[in-house]
Amino acid sequence: MILRIIVIIFLLSPSIALSSSNFVELKDGGSKIDITNYISYLEDKSNDLSPDDLLKSDIQLQFQRPKKNKINYGFTTSTYWLRFSVKDLSSSDKWFLILDYPMIENIKVYKQQNNSLELIGEVSHNKIFPPVEISYPGRIFSINPIKNQKEEYYVQLKTRTTMRFPLAICSLNYLNKSLTARVLLNGIYLGIIFVMFLFNIFFYGTIRHYSSVFASLYIISFGLFVSLQNGTFWMIAPWFPVKHLLATYITSGLFVYIFSTLFAIYFLKTSENLPTIDKVLKIIIALCLSFIASLPFSSMSLMIKIFSGFGIIWSFANFIAGISSLLHGYRSARFFIAGWAFFFLSVTVFAIRGFGLFPSNTLTLYSIEIGSILVIFFLSIAISDQYYIIQKEHSKAQNIIIEKEKELSQVQKSLIENLNQISAFKDDLIKTTSSQLKTPLSSIIGITESLLVDKDISLSNKVTYNLKLILVSTKRLSRIIQNFIDYTQLKNEETQLNLSPVDIKPIVDILIDVINKLQNSSSVEIINKIPENFPFVIADKDRLTQAIFNLLYNISKLNPEIKIKIKSKIDSQDLTKACFIIQEEREGTLNYIIDSLIETESPMIKSVYNGSSLSGIELIIAKQIIELHGSKILIETKKDQGTIITFKLSIAKASSINSTVPKFTAFEYPEFEIQREEHKKAETIHQEKESRKNIVLADNDQILLKAIENNLTIEGYNVIIANDGQQVIDIIESAVPVDAVIIDALLPRINSLEVISKIRKKFSIAELPIIVISSLGEPENTMASFESGANDYLNKPFYIYEIVSRLKTQLQLKDAVNSIKRVSQIERELDIAREIQQSLIPQDAPKSDKFEIAHLYIPMDKVGGDYYDFATIDEDRIGIFIGDVLGHGMPAALIASMLKSIFNISHQFINNPVLFLKNINTALNKNLYDRFLTAMCIYIDFELKLLKVARAGHEPLFIHRRCDDIIHEFMPKGKLIGFSTEPNYELKEISLKSGDRIILYTDGISDFFDKDNPGEKKNFKNLIKKYKDQSAKEFISKTVEELKTLSSGQNDFGDDITLVAIDIK
């Protein structure tokens, strides 16, 4: 195939025989005369012949005609002299000598005058003589021979590229027509190049693939390369220095190699599919870059030869990459191969012609242009095919997603139906099973009670106690079963109300007494505010009593120190309705109950944030009973007033009112009697041998508590019983050594999560293992326990031996961990503490069109003692607090962490900075442990342009009035936090202007910038002024850069760094 193409190339080459005439005749009607047949040439290999030497007879004899019309002599360092004669027989005034090869760098044209040669034209590195009158893609010289006289001309050629001299003489008329045609053809070529460039840019915007970018860069660089070669570049930029011609030509060609190879790498995905070829292609790129870098230091003659030869290697490598990719199943590679096959052929022809092995003709001269058009066309087709494949795969994926969504919808529909069936089955199962269990439970209760009251049977104290435990557990199970029956009946609307006039007040009085006895705590305060003469209401007496008890009892369990008021009033909008109000005076407490329990349909036992166990089913029953009476439970939360639960009942008529109230005694909850009997045991610590390990055991199930205690005692452990979370804390904080803790997830008074957290403040996970046992099987409860610091978690029910085994494992781990170096343990804890502390620092500042806030925090150690926070009152008012605990490390960080909670509680006082700092001082005064805290609080009203500031021994407040470039310093009087129990803080009010910058900071940043004179803060103030024209965010960024520069990139600033900047707009 290639042999045939070579034959065609030779056949297309000019085959005109040498002219019989010895000179060129210029006649009218002629347009362009190819003078190749009239030329004699002389190769000056020594490059030392002068124009005068040429007229010598011995030199004249050395001129010879080109063999077989050969005008291409390849790469050479010789100087070539051409000689031809012209006789002008025309009437034209202007004739031009043209050389259609712009890569010749040095050309001089001489005309023989008498016995010397006169220079009539020159193009060289140094000059162009005479100035070019006509813009032509090749080299052009005006000759203007004398009419009807034979004149002889000499042309001197010197170049570092291939030597060829396609010379012709043409008239001005032909020149104009030729230029028009060339401009049109070059315009079409460059237009195609530009269209293909836009085409690839479009595809990059569509598919976001780098292959399109490199294809575009390849097209642009190739357009430049070709324009240099065919002379279009000189028509556009005739002023370009000739001495830079070859370097520019080689550079543009090397960029063609680079970008086309990059295109091949990304388009064919060679790094993934063809690793070996990928390495070869990358080596080609590296070689091209090295060639470019060495151009200023290398011989251009050598570089042009390397460039031409390397082109064959480059095009062949890309062609082989396409073949390999196609063999690997990449469909779009077929267009890539077609394009590079043509281009490889064109580059080969171009390179061989450059070495003088092919003649110069239309096909060889324009091989690069033809090949480039074909390769750009096929590469664009390849990219289009790739886009088509991507779209096809995308469409296929979308169809699959649609089908999957349909299937998922069907599955979801089927699942909902199954869940409804399961729910109905569950209700029936609960109802049936609960009803069936009531009979054997009643038998157990009766038999146990008979054993306890039978005087003829002598029972030991231990047996009597165990029988009471059985009785308590059975009655509690009976009550739970009854709750399930009630829930099912209410849910399925099977309950019928027995309505009658009911007096609410005595019912509430009895319920309060029962709850106080059940809670066994004097801290619970429930106040009945219902008036004595309040009207009776129409209700089911038993069901209403049950609903009110469920609400009050579960609310009182939420917090043993809660204060609840029950009030009533006549509805002002409907006088036939009575409103009953349950109000707690602890902000936000009841809101959690209603949101998480009353509004749910899942009758589960829940654990809320303080650890009390709430019977979800009892609260749901209360809700359903109220709704059966034609009312709804309404929830309202008021700031500083707590949460209010309200429901309405119809007022009874005055006739036939029965004032009896239901009997409701604590005997229905006998397990609390056992708790009171065992209460004293928790206050007495067992005195055992020191070799026995002390295990603290706490569970709200007295029977399970006793069972675990018995088994642990048998295993040789000394068990310390606690009845609630507070007792666990008291035991841990006492002098008695504790080796492990086993606690129930639902502890009274203080919940398990808080207990664990308090323990972890004193003991690490390795120092004191904590095992949580719970009836709450939800994953979130398990995760909450582990996040608080639990070592293990065991769901009820479980075998006793299982908890004994897990306890042994934890104690063994404890002994093993104690052997690890303390330093490593501290490092891990510090890493955890750093993450926790970082989460307390605000990540985002308030945003408004009236101000801009930027902030910076860099702790000195893994944890720091600085803290700051923002409180947004509304869009016109904000408050900012900043504090610095004296010292570094973990102690300072713990105090800084406490500031977060105190800030959240006290932020409503931020508009009074003095009161805010006093609250901080009061909260921390007893918890600073001989440490102190500097602090500052500011309050800004952007509407009034007013700032209030109070300071507790903190660094001064800076206000940079940027319009005057003056920094104002404010230092209101005030002692450090923790220095005094009754501090006096001075309040300053400052008027602000638009453009002011407010600076709050800790001493770490000012001391770092002013190490020599920390009191003056001169350098820090200069830094503020230096970046006064930057935004607050940019000012912070520049400050960070200054810090890193001064610390030599070590980020060792000697103290915690905190900086807050507020720009007034």
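The values are calculated or read from the model by the stated rules, or taken from the named source; none is laboratory data. As the structure is a computational prediction, the values presented were derived from the model and not from experiment. Virtual Cβ from ideal backbone geometry, glycine too; neighbours counted across all protein chains shown.
Within the range 168-187, does at least one residue satisfy the condition of being surrounded by fewer than 21 Cβ atoms within 10 Å (Cβ to Cβ), in contact with a Pro (Cβ under 8 Å, 6 or more places away or on another chain) and not basic (K, R)?
Within the range 168-187 (the criterion being surrounded by fewer than 21 Cβ atoms within 10 Å (Cβ to Cβ), in contact with a Pro (Cβ under 8 Å, 6 or more places away or on another chain) and not basic (K, R)), the answer is yes, since at least one residue qualifies.
Restricting to the range 565-582, name every residue that is among the charged types (D, E, K, R) and either under 53 Å from the mean Cα position of the chain (by Cα) or not in a loop (DSSP other than H, G, I, E, B) (or both).
Within the range 565-582, K565, K567, K569, K577 meet the criteria.
I'd like to check something: does the range 871-885 contain any residue that is in a helix (DSSP H, G or I) and either at pLDDT 80 or above or buried (at least 19 other Cβ atoms within 10 Å of the Cβ) (or both)?
Among the residues of the range 871-885, not one is in a helix (DSSP H, G or I) and either at pLDDT 80 or above or buried (at least 19 other Cβ atoms within 10 Å of the Cβ) (or both), which makes the answer no.
Considering only the range 135-150, state which residues are outside any loop (DSSP other than H, G, I, E, B) and either out of contact with any Asp or Glu (no Cβ under 8 Å at 6 or more places or on another chain) or in the same structural domain as L228 (by TED's automatic domain parsing) (or both).
R139, I140, F141, K150
Condition test on K108, is it without any contact (Cβ under 8 Å) to a residue 60 or more places away in the chain, within 30 Å of L295 (Cα to Cα) and more than 60 Å from the chain's Cα centre (by Cα)?
In short, yes.
So T79 fits all but one of (1) at pLDDT below 90; (2) buried (at least 18 other Cβ atoms within 10 Å of the Cβ); what number is the exception?
Of everything listed in (1) at pLDDT below 90; (2) buried (at least 18 other Cβ atoms within 10 Å of the Cβ), T79 misses just condition (1).
Considering only the range 1001-1034, state which residues are small (G, A, S) and modelled with pLDDT of 90 or more.
S1031, A1032
Across the range 75-134, what is the total count of residues that are in a loop (DSSP other than H, G, I, E, B), among the β-branched types (V, I, T) and over 24 Å from Y174 (Cβ atoms)?
Residues meeting the conditions: 2.
Find the residue count for the range 715-735, including only residues that are charged (D, E, K, R) and assigned to a loop (DSSP other than H, G, I, E, B).
The number of residues fulfilling the criteria is 2.
Kindly evaluate L49 against the criterion of being in contact with a helix residue (DSSP H, G or I) (Cβ under 8 Å, 6 or more places away or on another chain) and farther than 16 Å from I143 by Cβ.
Yes; evaluated as a whole, the condition is true for this residue.
Looking at (1) modelled with pLDDT of 85 or more; (2) of a type in the set (V, I, T); (3) within 24 Å of P913 (Cα to Cα); (4) surrounded by fewer than 19 Cβ atoms within 10 Å (Cβ to Cβ), which one does I998 not meet, given that it meets all the others?
With respect to (1) modelled with pLDDT of 85 or more; (2) of a type in the set (V, I, T); (3) within 24 Å of P913 (Cα to Cα); (4) surrounded by fewer than 19 Cβ atoms within 10 Å (Cβ to Cβ), I998 is out only on (4).
Check L753, L712, L705 and return the single one that is in a helix (DSSP H, G or I), closer than 22 Å to V804 by Cβ and touching a residue at least 60 places away in the same chain (Cβ under 8 Å).
Residue meeting the stated conditions: L712.
When you go through (1) at pLDDT below 90; (2) within 47 Å of the chain's Cα centre (by Cα); (3) not charged (D, E, K, R) one by one for V696, which number turns out not to apply?
V696 satisfies all of (1) at pLDDT below 90; (2) within 47 Å of the chain's Cα centre (by Cα); (3) not charged (D, E, K, R) except (1).
Being of a type outside the set (A, V, I, L, M, F, W, C), surrounded by 13 or more Cβ atoms within 10 Å (Cβ to Cβ) and touching a residue at least 40 places away in the same chain (Cβ under 8 Å) is the filter here, so list the residues in the range 957-979 that pass it.
Answer for the range 957-979, where residues must be of a type outside the set (A, V, I, L, M, F, W, C), surrounded by 13 or more Cβ atoms within 10 Å (Cβ to Cβ) and touching a residue at least 40 places away in the same chain (Cβ under 8 Å): H960, R962, G974, G978.
If only one of K1028, K1044 is of a type in the set (K, R), surrounded by fewer than 14 Cβ atoms within 10 Å (Cβ to Cβ) and under 37 Å from the mean Cα position of the chain (by Cα), which one is it?
After applying the criteria, what remains is K1044.
Which condition number in (1) assigned to a loop (DSSP other than H, G, I, E, B); (2) out of contact with any Ser or Thr (no Cβ under 6 Å at 6 or more places or on another chain); (3) within 18 Å of I803 (Cα to Cα) is the one that L747 fails?
(3)
Could you tell me which residue of the range 215-269 is surrounded by the fewest Cβ atoms within 10 Å (Cβ to Cβ), considering only residues that are without any contact (Cβ under 8 Å) to a residue 12 or more places away in the chain and part of a loop (DSSP other than H, G, I, E, B)?
The extreme case among them is W239.
Being in a strand (DSSP E or B) and of a type in the set (S, T, Y) is the filter here, so list the residues in the range 980-1002 that pass it.
S991, Y1001
Look at the range 730-748 and say how many of its residues are among the β-branched types (V, I, T) and closer than 14 Å to S788 by Cβ.
2
Is it fair to say Q726 is at pLDDT 80 or above and of a type in the set (S, T, N, Q)?
Taking the combined requirement at face value, the residue satisfies it.
State whether one or more residues within the range 509-525 are touching a helix residue (DSSP H, G or I) at 6+ places or on another chain (Cβ under 7 Å), modelled with pLDDT of 85 or more and among the aliphatic types (A, V, I, L, M).
There is no residue in the range 509-525 that is touching a helix residue (DSSP H, G or I) at 6+ places or on another chain (Cβ under 7 Å), modelled with pLDDT of 85 or more and among the aliphatic types (A, V, I, L, M).
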